[in-house]
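What follows is one structure encoded as structure tokens, with my remarks underneath.
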Amino acid sequence: MKRLFAIVCLLALLLCACAEPEPAHVQEPISQPEAAGQAAEASEKTALLSPAAARMADLTAADIHYTDFDVDADALCAALREASACQTQDESDALTHYMLTVYLTETFSSAAENFFLTAGLDEPYVRINYRDPEGGSHDAVFENETLYWLLRNIYRIEPDIDEAALAKYQDILDASAQKKIADSLALADVSGFPGYTGFEIYRLVKTDTFADGDDTYDVYSWNAAFLTDEPDKVLYAGGMRLDAEGRVLFAMEDTVFAVKNPGSGSEDYRFLHWGIYQGETEQAQAQNARAEILAAFEAPAQE
């Protein structure tokens, strides 16, 4: 009996060894009709896109001839292609702070094919107006972090500060910026527009040094960004705008800081309007500015 059982087991093993292995799964090649169907489906999806999204979807760096801000064409194209799949019906009434025009032709006019991108503080929505080659105008809104921050970061301001000069004149410059804050708060009480809550100096650069008799003059370009709790409600005028961090820029007009170093006596200083640089050439502008600076020191200092 044991001998018979052993023979049966041996036969079973031989049968298993001789059995054909289970074939591995092989991906069948896509037939031509199926490939054509997939292409048609992709074409149909593109056809369903808005004109703006459809143009964005196949954009290349070679299509971009000019942008009104310095931006990497490859990064911009990648962001626009990514955003083309993120069109939304959501609308926003947030104030526009960030803008970029992208020209897709060699002629730069409002009638040329272009994208006009705008965004506010309502992250991550970007509104795009697409002007097609036939002159048609198409608006669409896209909800995309990559495109939103590419646009907003164009407005980022890098500090440009002479640290030694800032250490020397910090109190004087701070007092001027604090006066701007006080003026804004006084206006807020009357107008209802929000005032500023703080400031950050981001520019202090020496632009000129000249002599007049025994006196020498150092001239600086300076500026500060102002903070506010309600940036969308600020009264923007005279080129004022927000930077990428949501600070108010170009709120100050007296951005020329002149320091007089007399042959005898103590230093004196004046704040002058940026518009003192008038003239058709840089030399003429410098001469006019120097004349304005000398005249400012002839008059009593303004509080």
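The values are calculated or read from the model by the stated rules, or taken from the named source; none is laboratory data. Not measured: the values here are computed from a predicted model. Don't worry about glycine lacking a Cβ; one is built from the backbone with ideal geometry, like all the others, and counts go over all protein chains shown.
Condition (residue is in contact (Cβ under 8 Å) with a residue 24 or more places away in the chain, touching a strand residue (DSSP E or B) at 6+ places or on another chain (Cβ under 6 Å) and assigned by TED's automatic domain parsing to the domain that holds GLY265) applied to the stretch 181-195: is it met by at least one residue?
No; the residues of the stretch 181-195 include none that is in contact (Cβ under 8 Å) with a residue 24 or more places away in the chain, touching a strand residue (DSSP E or B) at 6+ places or on another chain (Cβ under 6 Å) and assigned by TED's automatic domain parsing to the domain that holds GLY265.
For the stretch 173-204, give me each residue that is of a type in the set (Val, Ile, Thr) and surrounded by fewer than 14 Cβ atoms within 10 Å (Cβ to Cβ).
Result: VAL190, THR197.
Considering only the stretch 61-118, how many residues are in a loop (DSSP other than H, G, I, E, B), farther than 23 Å from GLY239 by Cβ and within 15 Å of the chain's Cα centre (by Cα)?
Matching residues across the stretch 61-118 total 1.
Against the definition (on the phi > 0 side of the Ramachandran plot, part of a loop (DSSP other than H, G, I, E, B) and among the small types (Gly, Ala, Ser)), how does GLY195 come out, yes or no?
Spelling it out, it is not the case that GLY195 is on the phi > 0 side of the Ramachandran plot, part of a loop (DSSP other than H, G, I, E, B) and among the small types (Gly, Ala, Ser).
For the stretch 233-249, state whether one or more residues are closer than 24 Å to ALA165 by Cβ, modelled with pLDDT of 95 or more, of a type outside the set (Gly, Ala, Ser) and in a strand (DSSP E or B).
Here is the first cut: in the stretch 233-249, the ones closer than 24 Å to ALA165 by Cβ are 243, 245, 247-249.
This time we only want the ones that are modelled with pLDDT of 95 or more, so: 243, 245, 247-249.
With of a type outside the set (Gly, Ala, Ser) added as a condition, the list becomes 243, 245, 247-249.
When the remaining residues are screened for being in a strand (DSSP E or B), the result is 248-249.
Yes, some residue in the stretch 233-249 is closer than 24 Å to ALA165 by Cβ, modelled with pLDDT of 95 or more, of a type outside the set (Gly, Ala, Ser) and in a strand (DSSP E or B).
Residue under question is ASP268, and the condition is that it be touching a residue at least 60 places away in the same chain (Cβ under 8 Å) and over 23 Å from the mean Cα position of the chain (by Cα); does it hold? Talk me through it step by step, then tell me what you get.
Details: touching a residue at least 60 places away in the same chain (Cβ under 8 Å): no; over 23 Å from the mean Cα position of the chain (by Cα): yes.
So ASP268 fails the test.
Among the residues of the stretch 242-263, which ones are among the small types (Gly, Ala, Ser), buried (at least 19 other Cβ atoms within 10 Å of the Cβ) and farther than 28 Å from ASP215 by Cα? Steps first, please.
Of all residues in the stretch 242-263, those among the small types (Gly, Ala, Ser) come to 244, 246, 251, 258, 263.
Okay, now just the ones that are also buried (at least 19 other Cβ atoms within 10 Å of the Cβ), so 251, 258.
ALA251 - this is the single residue of the stretch 242-263 that is among the small types (Gly, Ala, Ser), buried (at least 19 other Cβ atoms within 10 Å of the Cβ) and farther than 28 Å from ASP215 by Cα.
Out of the residues in the stretch 71-115 meeting the condition of being charged (D, E, K, R) and in contact (Cβ under 8 Å) with a residue 40 or more places away in the chain, tell me which one is farthest from ILE128 (Cα to Cα).
My answer is GLU106.
In the stretch 84-93, is there at least one residue being touching a helix residue (DSSP H, G or I) at 6+ places or on another chain (Cβ under 8 Å), surrounded by 15 or more Cβ atoms within 10 Å (Cβ to Cβ) and not hydrophobic (A, V, I, L, M, F, W, C)?
yes
Residue by residue through the stretch 131-147, note down the ones that are under 15 Å from VAL102 (Cα atoms) and in contact with an Asp or Glu (Cβ under 8 Å, 6 or more places away or on another chain).
Scanning the stretch 131-147 gives ARG131, ASP132, PRO133, HIS138, LEU147.
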